[in-house]
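Notes follow once the structure below has been shown.
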Amino acid sequence: FGTLTVLPVTVRRWDRRAARGGMCWAPAVGLVLGLFGAAVGGVLLLLGSGATLAGVATVAAWAVLSRALHLDGLADVADGLGSGRPAEGALAVMKRSDIGPFGVLTVVLVLLAQVAALAELYAESWARGTFAAALAAVTARTALTLTARHGVPAARAEGLGAVVAEAVPRAAAWGAAAAVALVSGLAAWPLFGGGAALLAAAAVVAGLACAQGLLRHCLRRLGGVTGDVFGAVCEVAGTAALLILTFG
């Protein structure tokens, strides 16, 4: 929570052991953020606002609570990959503080997709919107757990990415992903029925698959992961999961 949110918690140490624990518990952070964002959207719906505004409020709450950390990473990765430069040049682009056209366009499209998906689900019911918000946020943070698994090296020797890279055993990472998919399906079953349960599990799997696709591309282009790559896979996973849920 101290690394992934603005919530007032005390971080007493920051080493490899703490990084492993933090990345293993990242899905729990996603659950808290997802429910908080849905609560903000729910308040607006109770006050009589439309579903679109509720979707905007949910996405805004996520950005505020996470310091827009993952959105910043998404923008930097888009600029780095979009530059067409080899690994060292792309990493240099990603390290700059400014955001280029690739980054701006990518962030805008991702945010629009998130808002549109949530608005559609909120329009069906607040319960569906809340479940979707929670599932998307959990899936997004589960992508962080998978990205931190053994065998996925850091691209740089310094930075947040180097601290958490390869911190999680493979079995624990894949086990967390399987557990999230299973629990998501089981949670949807009594609320919305068997079809929704299958869709929820599929949304988790699809979101993580899209994140893994981006991760593989980053590994080929950059030679490893950085803090920005962690942020990018997080946003891609959550957005893909939301989009899949709208198909139901």
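Which entry in [x] 13.5; [y] 16.1; [z] 12.6 is this structure's computed mean projected area of the Cα convex hull in nm²?
Matching the structure shown: [z].
May I ask which residue of A132, S184, A116 lies farthest towards the positive end of the charge dipole of the chain, with charges of +1 (Lys, Arg) and -1 (Asp, Glu) on Cβ and the Cα centre as origin?
With unit charges placed on the Cβ atoms, the residue in question is S184.
List, in order, the whole-Hz ³J(HN,Hα) value for each residue of segment 32-49 obtained from phi through the Karplus relation with A = 6.51, B = -1.76, C = 1.60 and θ = phi - 60°; use x for Gly and Pro.
With coefficients 6.51, -1.76 and 1.60, one gets 4, 5, x, 5, 5, x, 5, 5, 5, x, x, 4, 5, 5, 5, 7, x, 6 Hz.
Determine the distance separating the Cα centre of segment 30-49 from the Cα centre of segment 218-248; give it in Å without decimals.
The two parts, judged by their Cα centres, are 23 Å apart.
In segment 1-122, if the dipole is taken from +1 on Lys/Arg beta carbons and -1 on Asp/Glu beta carbons about the Cα centre, which of G37, V6, V93 is farthest to the positive end?
Farthest along the dipole direction, towards plus: V6.
Where only protein heavy atoms count, and the probe is 1.4 Å, what is the accessible area per residue for segment 192-248 in Å²? Numbers along the way, then the final one.
Numbers: 1930 Å² over 57 residues.
Normalised by residue count, the accessible surface of segment 192-248 is 34 Å².
I'd like to check one number: the per residue accessible area of segment 27-166, probe 1.4 Å, reported in Å² as a whole number.
41 Å²
Which peptide among 231-239, 161-169 comes first, and what is the full order, when sorted by highest mean count of other Cβ atoms within 10 Å? Before the final figure, lay out the partial values.
Numbers: 231-239: 28.4, 161-169: 22.0.
For the peptides 231-239, 161-169, the packing ranking is 231-239, 161-169.
With charges only on Cβ, +1 for K and R and -1 for D and E, what is the dipole size of the chain about its Cα centre, in debye, rounded to 20?
It comes to approximately 700 debye.
Extending each Cα 7 Å along its Cβ direction at D98 and E124, get the distance between those two points in nm, one decimal.
The answer from the label model is 4.4 nm.
Taking amide hydrogens as modeled 1.01 Å from N in the peptide plane, which residues meet the under 5 Å criterion relative to A154, leaving out close sequence neighbours?
Hits under the 5 Å cutoff: V225.
Once neighbouring chains are kept in place and the probe is 1.4 Å, which whole percent of the accessible area of segment 131-248 is contributed by carbon and sulfur?
On the way: 2950 of 4250 Å².
That share works out to 69 percent.
Have a look at L242, G21, T58 and report the one farthest towards the positive end of the charge dipole of the chain, computed about the Cα centre with Cβ charges (Lys/Arg +1, Asp/Glu -1).
G21
Check R149: other-chain or 5+ apart residues with amide H under 5 Å from its amide H, H built from backbone geometry?
E166, V168
Using θ = phi - 60° and the Karplus relation 6.51 cos²θ - 1.76 cosθ + 1.60, list the HN-Hα couplings for segment 144-161 in order, rounded to whole Hz, with x at every Gly or Pro.
5, 4, 5, 5, 8, 6, 4, x, 10, x, 7, 7, 10, 7, 10, x, 4, x
With the full set of protein chains in place, find how many percent of the accessible area of segment 58-115 is carbon and sulfur; take the probe as 1.4 Å. Could you put the intermediate results ahead of the total?
On the way: 1960 of 2780 Å².
Accessible surface attributable to carbon and sulfur in segment 58-115 totals 71 percent.
Quick one: 3J(HN,Hα) in Hz for segment 220-229, Karplus 6.51/-1.76/1.60 with θ = phi - 60°, rounded, Gly and Pro as x.
Along segment 220-229, the couplings run 5, 7, 10, x, x, 10, 10, x, 5, 5 Hz.
At 0.36 nm per residue, and after removing the present C-alpha to C-alpha distance, how many nm does the segment from L109 to T10 gain when stretched out fully? Let's see the in-between values first.
Values: separation 99, 0.36 × 99 = 35.64 nm, distance 3.49 nm.
Between L109 and T10, full extension yields 32.2 nm more.
Would you work out if segment 1-105 is rounded, prolate or oblate? Take a ≥ b ≥ c from the square roots of the eigenvalues of the alpha-carbon gyration tensor; rounded if a/c is under 1.5, else prolate when a/b is larger than b/c, oblate otherwise.
Working: a/c = 3.11, a/b = 1.28, b/c = 2.43.
The shape class here is oblate.
Between T147, T106, T139, where does the largest GNM mean-square fluctuation fall for the chain, given springs only between Cα atoms within less than 10 Å?
Result: T106 has the largest fluctuation of those listed.
Calculated from DSSP H runs of 4 or more alone, at -39500 (n - 2.57) each and per residue, what is the 222 nm mean residue ellipticity of the chain, nearest 500? Mind showing how you got there, number by number?
Details: 11 runs with 191 residues, N = 248.
So the calculated ellipticity at 222 nm is -26000 deg cm²/dmol.
The values are calculated or read from the model by the stated rules, or taken from the named source; none is laboratory data. This structure is a prediction, so every number in the text was calculated from the model and none was measured. No Cβ is skipped: glycine too gets one built from the backbone with ideal geometry, and neighbour counts run over all protein chains shown. We work out accessible area using only protein heavy atoms, side chains counted, and drop any ligands, DNA or RNA first. Shrake-Rupley method; radii C 1.70, N 1.55, O 1.52, S 1.80 Å.
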